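> Following this message is one structure expressed as structure tokens.
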Amino acid sequence: MIRYPKPLKPEGTVGITAPSSGVPKELHPILTGGIEQFKKRGFQVEVGKTPWTQEKAASAEASIRAAELNSMLQNPHIDAIIPPWGGEILMEILPSLQWDHIKPKWVLGYSDTSTLLFAITVVTGMATAHGVNLVDLRSDEWDKTTKKFMDVLMGTEGDTIIQFSSEKYQSEWNHDKEPDPYVYKLDTPTIWKTLNGLPLELEGRLLGGCIDMLKSLVGTPYADIKVFREKYINNEKILWYFENCEMTATDFYRSLLQLHYAGWFEQSSGIIFGRTPAREEVDGFTTLDAMERLSQLTGLPVAYDADIGHVPPQITLVNGAKATVKVENGQASVKMELK
């Protein structure tokens, strides 16, 4: 069965480490801003060395990143871990993680952090939280979609958490802009969609992340979906969620086919795709074409343009949680049961 971490308590300790990319010197103020917001809210913060450095597409050498992450994962005094953001090559530290020694605690993030979240849940059965990055929490106020991550981190086994689709999303990134009052500049109406335009209700155990990263885990010990189903969720159906950060439409489709051929979509209830900044067509072939063809191949219903990933804000999704997702008239609700 899925194991849920203990809740993050008021005055609890948040660990900040960079298992993928660190923050370059010129952007240290946004890292400091995120750290200070947790301190203002009464939490203790333990910051490692890796968040402050960045070279050759990573915060530090793989051995250094793995050692710092192992230390925080095993430290009983650290209640939750939030990396500054994602990156590129987190997967190179996975063989160095001491999986049997991880203390149950919430780990939160997205992008390349989803590589870690996915592996932790699949390998150990411990729930993880796919949601906001630390640097995007540097404002005194958090928008009502983003701030639900605290309901997750402060939740406990048996809780039910309900979230709703955002009213607007941010169309462009700009780290130079000051929060007003939020970090995100929510400027475009949010519309969740289904392939046939009809209302949709999906139920299953949540699992997913950034497909750019997760596709590379196929065939590795960190993505044995068959064993995960049998060992941790009693062969319940999986409700998949993915977001595409950078892939062209055809690369996106090849990646989906790879997951399909690897058997990931067996015993599944549906797929939810996040909004994507990567909409590059190839000879008229679009990301929508890719989703439609996958649905035809698998018979699975699909929702898309959801509040997931690199086009914020995003709903916080718990890998391993039992979920019911309803989409109707462009709006959505997500009910998660931590059981």
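> What is the magnitude of the charge dipole of the range 169-235 about its Cα centre, with +1 placed on the Cβ of each Lys and Arg, -1 on the Cβ of each Asp and Glu, and no other charges, expressed in debye to the nearest 20?
Magnitude of the dipole: close to 440 debye.
> Out of all DSSP beta bridges with both ends in the chain, state the antiparallel percent to the nearest 5.
Working: 27 of 52 bridges.
Roughly 50 percent of the DSSP beta bridges within the chain come out antiparallel.
> Rounded to the nearest whole Å², what accessible area per residue is found for the range 259-339 with the 1.4 Å probe?
Spelled out: the 1.4 Å probe surface of the range 259-339, per residue, equals 38 Å².
> Past 29 Å, Cα to Cα: identify those pairs from Lys56/Lys339; Lys147/Lys193; Lys49/Lys231; Lys9/Lys177; Lys9/Lys168; Lys168/Lys335, in the order given.
Beyond 29 Å between Cα atoms: Lys56/Lys339; Lys49/Lys231; Lys9/Lys177; Lys9/Lys168.
> Could you work out the mean projected area of the convex hull around the alpha carbons of the range 15-169, in square nanometres to one decimal? Could you put the intermediate results ahead of the total?
Numbers: hull surface 37.3 nm².
Dividing the Cα hull surface by four gives the mean projection, 9.3 nm².
> Given the range 201-339, what whole percent of its Cα pairs are spread farther than 26 Å? Write down the numbers at each step before the final one.
On the way: 1686 of 9591 pairs.
The proportion of pairs with Cα distances above 26 Å equals 18 percent.
> Can you tell me what percent of all Cα-Cα pairs in the range 275-339 are more than 12 Å apart?
Taking all Cα-Cα pairs of the range 275-339, the fraction more than 12 Å apart is 76 percent.
> Answer rounded, prolate or oblate for the range 208-259, using the Cα gyration tensor with square roots of eigenvalues a ≥ b ≥ c: rounded when a/c is under 1.5, else prolate when a/b is larger than b/c, else oblate.
prolate
> Give me the percent relative contact order of the range 300-339, please, defined on Cα pairs under 8 angstrom at least 6 residues apart.
On the way: 30 pairs, mean separation 11.6, N = 40.
Computed value for the range 300-339: 29 percent relative contact order.
> Express in nm, to one decimal, how much length is gained between Ser96 and Asp283 on full extension, taking 0.36 nm for each residue of separation and deducting their alpha carbon distance.
So the chain would gain 63.1 nm between Ser96 and Asp283.
> Find the centroid of the Cα atoms in the range 242-301 and in the range 1-78, then give the distance between the two in whole Å.
Cα centroid to Cα centroid, the span is 32 Å.
> Moving to a separate point now. Rounded to the nearest 0.05, what FRET efficiency is calculated for Asp151 and Asn174 with R0 set to 22 Å and r the Cβ-Cβ distance?
Efficiency, from the Cβ-Cβ distance: 0.20.
> Follow-up question, since we're still on this one. Determine the percent antiparallel among the DSSP beta bridges restricted to the range 208-338, to the nearest 5.
So the antiparallel bridges in the range 208-338 amount to around 40 percent.
> Rg to Rh for the chain: what is it, with Cα atoms only and Rh by Kirkwood?
So for the chain, dividing Rg by the Kirkwood Rh gives 0.93.
> So, one more: Could you provide, to the nearest whole Å², the per residue accessible area of the range 155-258 with probe 1.4 Å?
50 Å²
> To continue, here is another question. For the pair Gln258/Lys40, report the inter-label distance in nm, with labels modelled 7 Å from Cα in the Cβ direction.
4.1 nm
> Of the accessible area of the chain, with the probe set at 1.4 angstrom, what percent is carbon plus sulfur?
Accessible surface attributable to carbon and sulfur in the chain totals 48 percent.
> Work out the charge dipole of the range 87-146 with +1 on the Cβ of Lys and Arg and -1 on the Cβ of Asp and Glu about the Cα centre, then indicate which of Ile120, Asn133, Ile89 is farthest towards its positive end.
Farthest towards the positive pole: Ile120.
> Hey, quick one: spin label on Glu88, modelled 7 Å out along Cα-Cβ, who in the range 20-48 has an amide N within reach, i.e. under 20 Å?
Flagged as within label range: 20-28.
> Follow-up question, since we're still on this one. Classify the range 23-99 as rounded, prolate or oblate from the Cα gyration tensor: take a ≥ b ≥ c as the square roots of its eigenvalues, call it rounded if a/c is under 1.5, otherwise prolate when a/b beats b/c and oblate if not.
Note, shape of the range 23-99 comes out oblate.
The values are calculated or read from the model by the stated rules, or taken from the named source; none is laboratory data. From a predicted model like this one, the values you see are computed outputs, not experimental measurements. Please note: Cβ atoms are built from the backbone with ideal geometry, for glycine as well, and neighbour counts cover all protein chains shown. With ligands, DNA and RNA removed, areas are computed over all heavy atoms of the protein, side chains included. Shrake-Rupley method; radii C 1.70, N 1.55, O 1.52, S 1.80 Å.
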